[in-house]
Amino acid sequence: MPKPKRNHKRKYAHIRLFGRRLSDSAVRRLCVITLTTLTVFLLLLWRLQPERVSLHMDDVANQTITANRAAVYVDSQETERLRQEASSSVSPIYNRVPDAIATAERTIADVFATAATVREDPDLTSDLDRVDRLRDILDVQLSPQTLRLLIEMQPGAVDRVKSGALQIVREQMDGQIRSNTDDLMKARERAEEMAGSLGVTAQFRRMVTELSQAALRPTMIYDPQATQEKRDLAAKQVEDVRRQLQPGDLIISPGDTVTARHLAMFEALGLIQPTIDYSQAAALLLLIITITLAVSVYILHLAAQAYRDERLLYTLCVAVVLAVLVIRFAEGSQHYTTWTLSAVTTVAMLISLVISSEVAVAAVVYLSVLVGSMAAGGDPRLMISSLVAGIAAAHVIPMGRARTTMISRAGALTALVNPLALGIASKMLGMDIPYRQLGATAGGGLASAMLAFGIVMVIQRPLRLTTEMRLMELLNPNEPLLKRLLTEAPGSYQSSAMVANLAEPAAEAIGANSLLTRVCCMYHDVGKLKRPHFFAENLFGSRSPHDNLSPHLSTLVLTSHVRDGVELAKEAGLPAEVAAVIPEHHGTTLVSYLYRKAVAEADDPSTIQESDFRYSGPRPQSKETALVMLADTVEAAARTMEEPHPQRVEELVERLIDAKIEDNQLDEAPLTFADIATIKHSFKETLNRMFHQRVRYPDRFLPENIRGLTGPRQVETPSGKEGEQTSAS
């Protein structure tokens, strides 16, 4: 009878993206990613407009103001001081007077020539008149004694005095005599000393001194314009002194007077005229969209399970938003760096525990870019340290350990890596960091590990997440379902343990999750708790209730343990990956014994439908559930072997697994032919180790109380006849 067609329309069936129709779950995931992007943008946009500060020059502050973010400001006072030093260090510029010596020699020569002319003037009848006339004519100021000597001295004395004065002037003016310094005064003092060593009388030495001092003049003239230009250039070449502000740095305290330096810091932090720069906002939005797309593509290609499983995607998005929220509200605090690194490492460990280390690295890159490259200012040191510490945190969790061991090791490693990454990044960028801050960062790393594990322990049960810790918990024999299975269906418990021992090595060999495989094995038959005595491993020699049931009814009872197991798994909050093994480990397998029995007992065998004797499925969808199916089948058959020789074991494994393949039970599992071959080899090795033969000693060498118990025994067939002998191991 054909099944009626379903007329259920998808809610978002009309939505398309790049020409492809989106499923309802894809639309939900797209909405969550978009909402996450907008939430992060709004949180970061908030920081673009800081609180206004209305302080002016020489005002007295009435509150404490700290830096709300990293910024760089120009220290105008220090810059001006350095520029003044640079300007003062420039030497004055002098221009050489090319004819200074000639002019000085000419001055001396003119004095003697004028004196000779005055001496010979017939109109001057007395020496007094000649001295007065000479004083009026000369351009230099000479003492009356020198003027009188010039009029009265003899020609021979004139030559000696003149040559002496010229010699002194030449020697002194060969060096530098700068115009705006004391060089001229010092040159005149040296001229007096040189005149004192001449071989003339005292009055002539005084005359030579006076004449040479009058003739001396600067050989270098100060150029004020050129000097100022050079000093201005030197000052201009001094770059602005820039100071680095870190989040939480103290800007001004109550009672402090506002200086130009304070105003520069306010300006750099955007506190004087706080406004939102829309171009910065657009750039920020574009940055967030770009890294969101990049991370989404990365996850889709390298960790697709985080995209397909909405629980994991929602966990990832919420963790990222909460981390950004913590970082945002920590801005301006003295321990902003500690809060930031702790938030990033917490997310890294949380995502690594819940999803995978690959997705955790993507989340770390996302947060690090936001932390270090925000539109309102960035901190490359924090970006580098967040990236290094976050990636390390994503890989520090020791897997397959007890919970306390995982927490302690992860906490210790994070407490070591966080301050180390921050210290190295700070030194690379030439920034000093106090040891107290490094200590706080180490403490934050330890706290982040404890917080990450605490969050996982809180959310893993309600969200039914498959985490390493949850899987380890599920293997505890005191877990309610396992404890019930051990006490109420001990045969099923022991069978599950044997299946786990068979499947776990095979999982490791093909690269599947061996821990998940073992947990799936332990819980795959929990549905038998509803009617444990309807299954052979729990009879322990009792009469089977199936003897009184028809094949159809027996099939319903046997296959119902799948439905019962699913209900128990839901009540116990088992992770979805573990609960999936309950229906999938049987797939659509045929209950062949009951089917053949029904065919044999039917009056018309054609009325017996094979589909009535098959499990409802689905078939295995993962490597782990496929392994449980194969291991469960092989273990059940191997337990019935009377002589488990290696050759028979290998033949059994080959036939059973090939039968599953021929029955199309593995068509939907991601197993390759190489995986199948590896599984067969692993099963054979494990079974041969399980069924190793032991030496049976003759009864006469055994204690009396066990004689006859270890040798061959007689068993009865269901018909009551004597069967073949078996030997106990």
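So here's what we get for this one:
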{"read-out": "Flag if V649 is closer than 22 Å to Q494 by Cα, touching a Lys or Arg at 6+ places or on another chain (Cβ under 8 Å), modelled with pLDDT of 90 or more and of a type outside the set (S, T, Y)", "value": "no"}
{"read-out": "Exclusive hit being touching an Asp or Glu at 6+ places or on another chain (Cβ under 7 Å) and in the same structural domain as D675 (by TED's automatic domain parsing), set S550, S496", "value": "S496"}
{"read-out": "Failed criterion for V557 (all others in (1) under 30 Å from R470 (Cβ atoms); (2) surrounded by fewer than 19 Cβ atoms within 10 Å (Cβ to Cβ); (3) β-branched (V, I, T) hold)", "value": "(1)"}
{"read-out": "I327 vs. criteria in a helix (DSSP H, G or I), modelled with pLDDT under 90 and of a type in the set (A, V, I, L, M, F, W, C)", "value": "yes"}
{"read-out": "Complete set of residues in the range 595-635 that are part of a loop (DSSP other than H, G, I, E, B) and not aromatic (F, W, Y)", "value": "A602, D603, D604, I608, Q609, S616, G617, P618, R619, P620, Q621, S622"}
{"read-out": "First in the range 597-625 and at positive phi, second anywhere and part of a helix (DSSP H, G or I) and crowded, with 16+ Cβ neighbours inside 10 Å, Cβ under 7 Å, 6 or more apart", "value": "G617/P583"}
{"read-out": "Which numbered condition R518 fails, given (1) modelled with pLDDT of 90 or more; (2) touching a Ser or Thr at 6+ places or on another chain (Cβ under 9 Å); (3) assigned to a helix (DSSP H, G or I)", "value": "(2)"}
{"read-out": "From the options A202, A215, A226, A235, residue that is surrounded by fewer than 16 Cβ atoms within 10 Å (Cβ to Cβ) and in contact (Cβ under 8 Å) with a residue 24 or more places away in the chain", "value": "A226"}
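The values are calculated or read from the model by the stated rules, or taken from the named source; none is laboratory data. Every value quoted in this text rests on a predicted model; they were computed, and no experiment measured them. FYI the Cβ positions are ideal-geometry reconstructions off the backbone, even for glycines, and counts take in every protein chain you see.
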